[in-house]
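Below is one structure, written out as structure tokens, with a few remarks after it.
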Amino acid sequence: MIFSTLEHILTHISLSIVLTVITIRLITLFCEDGIVQLYDSSEKGLIVCFSCITGLLVTRWIYLGHFPLSDLYESLIFLSWCFSLIHIVLYFKKNKNLLNTITGSSAIFTQGFATSGLLTQIHQSSILVPALQSEWLLMHVTMMILGYASLLCGSLLSVALVVITFRKKRKILGKSTLLIKESFFVGEIEYMNKKSNLLQTTSFFSGKNYYKSQLIQQLDYWSYRIISLGFLFLTIGILSGAVWANEAWGSYWNWDPKETWAFITWLVFAIYLHTRTNINPQGENSAIVASIGFLIIWICYFGVNLLGLGLHSYGSFTLTSN
């Protein structure tokens with residue numbers, strides 16, 4: 001009883017902090033004055049929320065007798081914990097820019113969804129199904145969720161890189177088109193004057209262009225390293241899952257929908273690492289592959305559970321609500 005009460009308290013505190021952080025983020029988005037202090041307050045709020053999620057996981061672990069990864073609700077809580085951990089690591093590395101915005105938003109979204117009450121039907125603890133009563137539960141599911149969280153964060157950074165690069169190229173293309181038109185349809189003297197003005201404008205924004213270049217390099221640097229870490233977690237998770245499947249069902253691989261999409265996810269990010277390392281280092285081609293992988297991960301993690309198909313259907317909405 002005391003553990004259940006403590007769980008409800010931590011859940012409500014976490015949700016309250018998430019709502020407060022969202023409000024602060026919206027204020028800092030539309031207001032320019034005092035943005036630094038408000039932003040620091042939201043970061044501290046995320047750290048407190050991380051502590052509450054940690055306490056929630058530990059509480060369920062104690063009174064359930066196993067690590068809380070047996071259903072969709074518990075895996076979402078652990079996923080939000082992983083997002084928060086990645087965000088805190090980047091925060092203490094003093095990367096207070098778009099990187100923190102992306103990782104912080106990921107943590108806020110998953111924590112808010114998991115603790116909002118939308119999944120109340122699967123909040124209640126229950127006895128593990130026989131297939132989950134194994135020592136491989138902690139190893140396999142933990143590695144998979146850590147892999148999902150890392151790959152999602154890295155993919156979001158790649159999406160931001162693609163957007164910024166595309167906008168930068170479009171601006172350069174627009175300026176080049178303007179110069180070509182001027183050279184054909186305007187007199188030579190007027191053209192030279194406008195070209196001089198354009199060069200002055202370009203030099204005026206040189207600081208902004210430098211900042212964008214630095215941001216693109218940071219996005220590429222961190223997305224590659226976070227995705228590499230997530231790929232390692234995913235590989236370990238798939239291999240440990242295959243060993244567990246052989247013990248539980250007598251076969252290493254059954255082409256279950258979850259297994260199939262996990263393999264597709266692994267292939268997509270293997271292509272990303274190959275492209276990023278060997279073919280086009282620091283290019284947008286690999287970032288486009290990672291952006292596609294972002295959608296694939298959500299299909300693998302969330303879409304399959306919504307359908308409730310296959311051997312991994314114990315974590316779906318349908319079966320847990322019966």
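The values are calculated or read from the model by the stated rules, or taken from the named source; none is laboratory data. Given the structure is predicted, the values throughout are model-derived calculations rather than measurements. Every residue, glycine among them, receives a Cβ derived from its backbone with ideal geometry; neighbour counts consider all protein chains shown. Just so you know, the surface numbers come from the protein's heavy atoms only, side chains and all, with ligands and any DNA or RNA stripped out. Shrake-Rupley method; radii C 1.70, N 1.55, O 1.52, S 1.80 Å.
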Only one residue in Ser41, Ser75 is modelled with pLDDT of 80 or more, closer than 30 Å to Tyr221 by Cβ and among the small types (Gly, Ala, Ser). Which one?
Ser75
Just the residues that are open to solvent by 30 Å² or more (accessible area, probe 1.4 Å) and not in a helix (DSSP H, G or I), please, taken from the stretch 251-277.
Ser251, Tyr252, Trp253, Asn254, Trp255
List the pairs whose first member sits in the stretch 91-104 and is at pLDDT 65 or above, whose second member is in a helix (DSSP H, G or I) and β-branched (Val, Ile, Thr), and whose Cβ atoms are under 6 Å apart, counting only residues at least 6 apart or on separate chains?
Thr103/Ile86
For the stretch 217-250 the number of residues that are modelled with pLDDT under 85, surrounded by fewer than 19 Cβ atoms within 10 Å (Cβ to Cβ), out of contact with any helix residue (DSSP H, G or I) (no Cβ under 6 Å at 6 or more places or on another chain) and closer than 30 Å to Phe83 by Cβ is 2
Would you confirm whether or not the stretch 122-144 contains a residue that is among the β-branched types (Val, Ile, Thr) and modelled with pLDDT of 85 or more?
yes
